[in-house]
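Inspection log for the structure reproduced underneath, given as structure tokens.
The values are calculated or read from the model by the stated rules, or taken from the named source; none is laboratory data. Predicted model, so just to flag it, every value in this text is computed and none were measured. Virtual Cβ from ideal backbone geometry, glycine too; neighbours counted across all protein chains shown. We work out accessible area using only protein heavy atoms, side chains counted, and drop any ligands, DNA or RNA first. Shrake-Rupley method; radii C 1.70, N 1.55, O 1.52, S 1.80 Å.
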Amino acid sequence: MSKCKQVRRPSWGASAAALGLALAAALSHAAAAAAPRGQEQRVDIRLRSLTTRATGQLTVEASETGGRARLTAMNLPDPQTVAAGAAVYVVWAVSGGRIVRLGELRRDERGNGGLAFERPAGLERYGVIVTAEAAAEVERPGDPVLTTRADEAAALYPSRADAAGRADASTGRTAAPAGRVPSVPMPPSPSGTRTRRVAGDFYTEVDDALVSRGGGRRIELEGDSAAPNARGAARATLSASRAYVRANFRGVPLPSAVGASVYILWGVIPDGRIVYMGSLPATEDINRAEVYVRVAGFEADDYTLFVTAERRRPAHAPEGRRLLKPKDAASIK
């Protein structure tokens, strides 16, 4: 869960007519080193894949500017297979409702690519997302394909000993960081900043919608014949004609184990309509992370959920085997 202005897809934090799906890790990650963050010299952060089999890693090395970063990605499919009308992948830094476009992630014929950048100015902590867009110059991101956890990356400065070692022996001046790679700037806003404010980030919007309604309804899912040991639990609600869902899954096999390439989450409305909610992680992340969903176009908070195993994406209607069904609605076909 993508938009750019040219193709009228749903935007990050804006009203959406289709999927808004993102992933946040449910497990705490271990510290990269025993020393305080300011004393570390390198931090590696694994990106989570939301809708593809792509993998990614963000490596941050200490620098005078607060961290020189490189994002590498592998197995990225053609962007148009991820989002209608998409032609490129774009990397963004996101923090507290602020968004900085870092640049285009160029991929080779095998789907591998990377982007180097300095810590975005003014962001001491930030998350990184990769989106499929129609053009590299879009001003706001669509739905992420790869993502870190919210604010998982942090400013990383060299230790005092290293800084002293880089000082010029005769003048005492600290040397400029070697190999500095500038980030791709955003067009300056009228205030002169290079970030854009939006009405809260994706995760916060989903969480706030649930909190405002007492945590939302609980929907429990149980495995069907394709995966009898699979389980799921979701919190769901409705706000301003949008469905908001936060879900966890356990015991779900990888799609290949059931002859599929992707799992699809569907919403079911009592009048019989079935609504595409988004594709689920195709890696082990499906069993150790929280899935966040935002979909517009709902009129009442009486929908339920189920999951199917499909052979292809996009899927316009459930065609594959049912993987998970709601415990209280076993009659869904």
Quick check for you: with a 1.4 Å probe and neighbouring chains kept, what is the accessible area per residue of region 53-147, in Å²?
35
When only C-alpha pairs under 8 Å and at least 6 residues apart count, what is the relative contact order of region 236-333, in percent?
32
Accessible area of region 215-333 divided out per residue, in Å², using a probe of 1.4 angstrom:
43
Using the Cβ atoms and a cut-off under 14 Å, what net charge is assigned to the surroundings of Ala309, where Lys and Arg are +1 and Asp and Glu are -1?
+3
Spin-label model distance (nm) - Asn229 vs Ala121, 7 Å beyond Cα toward Cβ:
5.4
Of the accessible area of region 201-305, with the probe set at 1.4 angstrom, what percent is carbon plus sulfur?
48
Is the shape of region 54-165 best called rounded, prolate or oblate, per the rule: a/c under 1.5 gives rounded, else a/b larger than b/c gives prolate, else oblate, with a ≥ b ≥ c the square roots of the Cα gyration tensor eigenvalues?
prolate
How far is it, in nm, from the label point at Thr204 to the one at Asp302 when both lie 7 Å from their Cα along the line to the Cβ?
3.4
Classify region 200-260 as rounded, prolate or oblate, taking a ≥ b ≥ c as the square roots of the eigenvalues of its Cα gyration tensor: rounded when a/c is under 1.5, otherwise prolate if a/b is larger than b/c and oblate if not.
prolate
So, counting K/R as plus one and D/E as minus one, what does the shell of residues with Cβ under 9 Å around Gly223 add up to?
0
Contour excess over end-to-end distance, with Cα ends at Asp151 and Arg42 and 0.36 nm allotted per residue:
37.6 nm
Between region 83-147 and region 307-325, what is the separation of their alpha carbon centroids in Å?
28
Full-extension gain between Glu64 and Ala84, please, as 0.36 nm times their residue separation minus the C-alpha to C-alpha distance.
3.1 nm
What does the charge count near Ser261 come to, summing +1 for each Lys or Arg and -1 for each Asp or Glu among other residues with Cβ under 13 Å from its Cβ?
+3
Quick check: at a probe of 1.4 Å, how many percent of the accessible area of region 94-142 sits on carbon and sulfur atoms?
43
